[in-house]
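Beneath this line is the structure, given in structure tokens, with notes to follow.
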Amino acid sequence: MPLLRRIANLFSRSRVDREIKAEIEAHIDLRIEDNIAAGMSPEEARRAALLRFGNPTAARELVASADLALSLESIWFDLRYAARQLRRSLGFTITAVVTLALAIGANTVVFSILNAFLLRPLNVPQAQSLYGIWRTSTNDMAQSYPDYLDLRDRNRRFESLVAYNIALAGLDTGQDPSRSWIEETSGNYFDALGLQPYLGRVFHGSDERGPDSAPYIVLTHAFWHSHFQDDRGVIGRVVRLNKHPFTIIGVAPPEFHGTLSFFNPDLFVPIVNHPIFADDDFNSRSNRWVFMTMGHLKAGVSQAQAVADLNSIGASLARTYPKDDSDMTFTLARPSLYGDYVGRPVRMFMTGLMLLAGMILLAACANLGGLFAARAADRSREIALRLALGSSRRRILRGLFAEAVLIGLAGGAVGLLGSVVLLHGLSTWQPVSRWPLHMSVDPDASVYAVSLLLALASGLLFGAVPVTQVLRTNPYEIVKAGATGTKPGRFGLRLIVRDVLLVVQIAICSVLVTSSIVAMRGLARSLHNNFGFDLQNTLLVETDLDMAGYKGDGVPPEQKRMIDAVKTIPRVKFVAMADQVPLGDTQPDSNVFTDTTSDLRPANAAADALMFKVSPEYFHAAGTALLSGRAFTDQDNKDNSYVAVVNREFARRIFGSIPRAMGSYFKIPGGKRVQVVGVAEDGKYASLTEDPKPAMFLPLQQWPSNSGYLVVRSVGDPNQLGFAIRSRLRQLDSAMPAYIQTRYKSLDAFLLGPRMATLSLGVLGAMGAMLSITGIFGMAAYSVSKRLRELGIRVALGAQRKELLQAALGRAVKLLTIGSVTGLILGILASRVLAFVVSQATPRDPLVLAGVVLVMSILGLLATWIPAQRALSVDPVKLLREE
């Protein structure tokens, strides 16, 4: 605390005011004494002195303004002198600026993402009062449409409740049909959110008059720009969604990208058109297909009051519809990140990342503090001479702080510039090509303010390190002892605070290096993992016959025509259809019962199995091996008994073994008996890190589905088949959209987490490595600077190079070893957590251990190279001449 107080006094305005006031009072006291000596009484003498001197407050302000001008001029001189000093030491300056730029840049990027996802509200008017309704019993925000209507009409605490859902639709503008992501929204959506159209108009609640009653489209501004080239004549144009005519009535405002922070739809349509986009029961209370319900709280209404009102409505619905709404309790959540389902993990991740970035900044400041201490030690003779010639310690410290602040501002500017470029790239990046996921993380004024604050705070923080060193400088002792003079034994091997901080920093670096190498090895192994299907030479052609207007009995014949058409393409080996695929968008599941079970309630289920409906040749097309039995044939249709191919885990869990499973029966909800005709290998179905799960494959002809993937296995590079496949499908139906990607590309969503974890850890590991280099370098350089005289004496006495290096750098090497070993152990323990994100991530890998040892050894070599060269180049004759 005394040190901080002394630093504060260097720049304290109150100290200046006290000095001016004391000087004025001294002048008045002298005048009073002269007046008393001239024969005046004390009262008369004081009155005459005050009259002669004038208004003390005005005089104090006049002196203060002159002092302020002199102070500003002095500060400007300090900054110019600091700039010259930094220019003379370009190596030190560049190292310090780059170190700080990396740390401040990392904090700026993390804060900008945190600001965009958690701090910055949705870009709608009065976003602070906007809340989504979270259903606690099911831990999500989904509602049925009838429940939404009841909540909207019966609540008394919201201004208005809106609902929306996310869906895919086939958009035909008269040219090339394509898939488009849409938001199905309630008619009051734009009015309740307070949004005005950029062009045309938006739809309203009055437009809704029952199912399929409002065939209107509002385009997002980005989609209007990219697909209609900003054509204002688009208003009133009729296009087709899933072969149904819709009229474009407006364009949304440019700044509005929907009500999810990361999901940017292409267009908005009234939710009453839902039957066009999904084959389900629109008005069923058991079908909770509405993605989110939200609204603005009324003025003066608390969250608790709104929740109580919603729960009373929920209790009433539970009594009225006990079968569908048996548990209707609610809470409120921010809608931008889909409540706690996405918001809580993001908050936890961003908080951890912000803490880690903050630690990196503190480590950078500690490093620069060490470098500044070494620099002050090298300049000890200069500082001593300035003190001996009459310069004040305050002036010297102001010069050092000016250097630190200049470095802080330069590092902050470089870091901010780099972070702006990176954030702009992140804002335009679409991590999963088939989903409209965008991170709008461009920096705003708060990000710039935080960057400036970090730059100034960092400069003051590491600039304060050599303060004690300067305040305790004895100029006469240093001049007498020489440029390198110091007290013997002061820099022994005892662990002082700086050493502990350096060991912690090296340990953090080692943890990051270990974790990043583990993540990279795990990611590489994941890509060569046994998925239960083959990634090579396989295409997925995503189709949905709903988008092309096919319903009911018209679906299977069209699917058969599609398979037959693609089969005729040269270099196509196998083609099959599946409603969903392993590691696809969704993984349908079903309860499974043993054949002897008669009570088919969910509690009596033997397992919950994933369920895929596939056509014949699927196993050949997907590259899934059959361990026993047969694949499906064209005879496995509605006219014959139900059959299934199950995976090894299904056979083990339901029947005990593969041989016992073959030919046996199981039941599914509804009581249908299904016979096992084959057993396939296990695979990955919902996650790369999942434990083995039971799965069953059912014949598509027995269990029809409108949605589906064409699984195409080719001879050679499958990328060359995309155009031919799309042409054949267009020949069957010119309005049929299709999305084509390789099987490997389809895993982008599942590999996003591992890739981001690997990239983040790699970047942080590189930053930690650089900070460790500068930290070790700063400590080693400081040690060598303070021991040059001793090293010169050792050289004069005949010391060998090895002895010099051990004396000069032995402490740094020991600290590096301690920190590296500690970090390696902690990194191995921390790597277990990575196994939940990155499949196959394990620290029990010889390459991981060897890689960490190699990296840390290289870091130590790089950090001590320059101090070692300086120690080995000590010239005792030159040192004696300087004495």
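The numbers here are math on the coordinates, done by the rules we state, and not lab data. Since this is a predicted model, take the numbers as computed values, not measurements. As a convention, Cβ positions derive from the backbone with ideal geometry for all residues, glycine included, and neighbour counts pool all protein chains shown.
Couple of notes before you dig in:
- Over all orientations, segment 643-749 has a Cα convex hull whose mean projected area works out to 9.5 square nanometres.
- Within segment 79-219, all pairs of alpha-carbon atoms sorted by distance into 10 Å bins from zero give the percentages 8, 23, 25, 15, 9, 9, 8, 2.
- The label-point distance for Leu385 and Leu30, in a model that sets each label 7 Å from Cα toward Cβ, rounds to 3.6 nm.
- Placing pseudo-labels 7 Å out from each Cα toward the beta carbon at Leu452 and Gln196 gives an inter-label distance of 3.2 nm.
- Close amide-amide hydrogen proximity is noted between Tyr216 and Thr247, each under 5 Å apart and 5 or more residues distant or on a separate chain (H modeled in the peptide plane; Pro and chain starts excluded).
- Only aspartates and glutamates eight or more places from Lys814 in sequence, or on another chain, were considered; those with a Cα closer than 14 Å are Asp499.
- Greater than 25 Å apart at Cα, pairs in Lys243/Lys684; Lys693/Lys745; Lys551/Lys745: Lys243/Lys684; Lys551/Lys745
- For segment 173-241, the Kirkwood hydrodynamic radius comes to 13.5 Å, computed from all pairs of different C-alpha atoms.
- Scanning residues 5 or more positions from Asp140 or on other chains, those with amide H under 5 Å from its amide H are Arg135, with H placed 1.01 Å from N in the peptide plane.
- Ile866 paired with Arg80, simple spin-label distance in nm, labels 7 Å along Cα-to-beta-carbon: 2.9
- For the pair Arg395 and Ala686, the difference between a 0.36 nm per residue extended length and the Cα-Cα distance amounts to 98.2 nm.
- Per-residue extension of 0.36 nm, minus the Cα-Cα distance of Val715 and Leu854, leaves a gain of 45.8 nm for this segment.
- Here the gap between Leu600 and Leu847, fully extended at 0.36 nm per residue and compared with their Cα-Cα distance, gives a gain of 83.7 nm.
- Per-residue HN-Hα couplings for segment 182-193 [Karplus 6.51, -1.76, 1.60; θ = phi - 60°; Hz; x = Gly/Pro]: 10, 10, 7, 10, 5, x, 8, 4, 5, 5, 5, 7
- Evaluated at q = 0.10 Å⁻¹: base-10 log I(q)/I(0), Debye formula over Cα of segment 155-305: -0.35
- A cut-off of 5 Å between modelled amide H atoms, ignoring neighbours fewer than 5 places along the same chain, links Met577 with Ser615, Val711.
- Counting only residues at least eight positions apart within a chain, or on another chain, the aspartates and glutamates with an alpha carbon under 12 Å from that of Lys560 are Asp634.
- Cleavage-rule hits (trypsin sites (Lys or Arg not before Pro)) in segment 283-342: DSSP loop, at most 15 neighbouring Cβ within 10 angstrom: Lys298, Lys323
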